[in-house]
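Notes follow the structure.
Every read-out reported here was derived from the displayed coordinates using simple, explicitly stated rules and does not represent laboratory data. Bear in mind the structure is a predicted one, so any value in this text is a computation, not a measurement. All Cβ positions, even for glycine, are placed from backbone atoms using ideal geometry, and neighbour counts span all protein chains on display.
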Amino acid sequence: MQLGLDLEVLCGQLLVGGFDGAEPPARTLKALAEGRRGGAILFRRNVPDAASTLRLCQALAAAGGPDRPPFLGIDQEGGRVTRLPAPFLTLPTMRSLGELEDLPLLRRAARAVAAELRAVGINLNFAPVLDVDSNPANPIIGDRAFSRDPERVAQSGVAFLEGLQGEGVLACGKHFPGHGDTALDSHLALPSIPHDRDRLERVELPPFRAASDAGLATMMTAHIVVEALDPGVPATLSRAICAGLLRDEIGFRGVLFSDDLEMAAIAAHFPIEEAATRAVRAGCDVLLICKDEDAADRAHEALVREAERDPRFRDRCAEAAARGLEARRRCPPRPVASPAALAEIVGGPASRAVLEEIERAHAALAAGAAT
């Protein structure tokens, strides 16, 4: 696959990194401008207010430029996983939205979130969660999931991704192939799921199949071991799961992100250099390294070295870069020009109307349960 990119730029397109502070570090802007990064992921530490967020995204988008527009991503799920402060729209938990069983409302809610993200320059929302809340002891998923019922998760997840993408923001379904039935937090340890393939087909996989069929733009791996699919190997590093199951069986054609390679589920077992190359070999198209810029540099160097050594790995990098660039060019960050223009959208009438509609729906649900 020929993209007209030198090897350092080719491999750089596979990396999305994080950083500290509301001002973009010079090294981050330089890495984007030189093609050693394909984008940035933002956290609460980066977005103290709407005006600062707009300036940040304007700078990041300009550094990437029109030929290689960056992924500017954020976790704006709702509930406890919400990065942007007021007056940005904060949805209630996905579980509470799923309980309403109102797919048109869920679609409108996602559109309202996307309109605010798009205005500030964020073109990728790491949502919806497609995990099924099947384990009450799960410390990391819980009410982030739409439901304990796979069909409801599938229907709700499709509605949410359609709302985001209908408003010009790339959606990301997570965490493939299903993080719902774990009792460990993959930020801290490496969970394992012991279920057989029949159970996975009944519970964990249906939401991901439905989202893929609905045109989901991107998906994120889970740092979990699924013994029935690839014994002992984290899904992020498993070719059987990323390439075999997701690409060949489910037919997903979007961009596959790794979850953060700095999480202990991976970092406690693999140096960043090995994790990066193994994840790309497995089928990940973009690697998230959410805080340590030095680690991101080392991952980039490792990808370049491996691509120089192995022509097949270089071809895999080219495939991944092409997939990511296509999504970014289709949906580039386009922040509004001024804080005044932003103020008309963020926390504006459309967002307030959606929240009021959700509140009325919850009140009606509660009243119906009481009668």
**Prompt:** Between A240, A112, A61, which gets the highest mean-square fluctuation from a Gaussian network model of the chain, Cα cutoff 10 Å?
**Reply:** A240
**Request:** Report the calculated FRET efficiency for D294 and T371 (r = Cβ-Cβ distance, R0 = 56 Å), to the nearest 0.05.
**Result:** 0.40
**Asked** Taking only C-alpha pairs under 8 Å that are 6+ residues apart, what is the relative contact order of the chain in percent?
**Response** 20 percent
**Fill in**
Subtracting the Cα-Cα distance of E23 and A364 from 0.36 nm times their residue separation yields 118.3 nm
**Request:** Output ³J(HN,Hα) for the range 152-158: one whole-Hz value per residue in order, computed from phi by the Karplus curve 6.51 cos²θ - 1.76 cosθ + 1.60 with θ = phi - 60°, and x for Gly and Pro.
**Result:** 5, 4, 4, 5, 5, x, 5
**Complete:** Here the percent of antiparallel bridges among DSSP beta bridges lying wholly in the range 147-269, to the nearest 5, is 10 percent
**Ordering of 226-236, 128-138 by burial proxy (mean other Cβ atoms within 10 Å per residue, highest first)** = 128-138, 226-236
**Item:** Share, in percent, of DSSP beta bridges within the chain that are antiparallel, nearest 5
**Value:** 10 percent
**Asked** Hey, what did the range 1-82 get for relative contact order, percent, Cα under 8 Å, at least 6 apart?
**Response** 31 percent
**Asked** Which of G347, G17, G38 moves most in a GNM of the chain, Cα contacts under 10 Å?
**Response** G347
**Asked** Taking the alpha-carbon centroid of each part, what is the distance from the range 337-371 to the range 67-101 in angstrom?
**Response** 14 Å
**Prompt:** Between K291 and residues 5 or more places away or on another chain, which pairs have amide H atoms under 5 Å apart, with H built 1.01 Å from N, and which residues are they?
**Reply:** G18
**Request:** With r as the distance between the Cβ atoms of A264 and A137 and R0 = 25 Å, compute the FRET efficiency 1/(1 + (r/R0)^6) and round to 0.05.
**Result:** 0.85
**Quotient of Cα Rg and 2.2 N^0.38 Å for the chain, N being how many residues it contains** = 0.94
**Request:** State, in angstrom, two size descriptors of the range 70-183 derived from its alpha carbons: Rg to one decimal place and Dmax to the nearest whole number.
**Result:** 13.1, 38
**Request:** Give, as ranges by residue number, the residues of the range 111-144 whose backbone N falls under 17 Å from the point 7 Å along Cα→Cβ of A337.
**Result:** 119-121
**Complete:** In Å, the Kirkwood estimate of hydrodynamic radius for the range 144-255 over Cα pairs equals 14.1 Å
**Message:** Just want to confirm a number: the relative contact order over the range 39-88, from Cα pairs under 8 angstrom separated by 6+ residues, in percent.
**Reply:** 52 percent
**Message:** In whole Hz and in residue order, list the ³J(HN,Hα) couplings for the range 215-224 that follow from phi through the Karplus curve 6.51 cos²θ - 1.76 cosθ + 1.60, θ = phi - 60°; x for Gly and Pro.
**Reply:** x, 3, 6, 9, 9, 10, 6, 9, 8, 9
**Complete:** chymotrypsin sites (Phe, Trp or Tyr not before Pro) in the range 24-127 lying in a DSSP loop, each with at most 14 other Cβ atoms within 10 Å of its Cβ, come to F43
**Item:** Cα Rg, Dmax, the range 293-371, angstrom units
**Value:** 23.9, 69
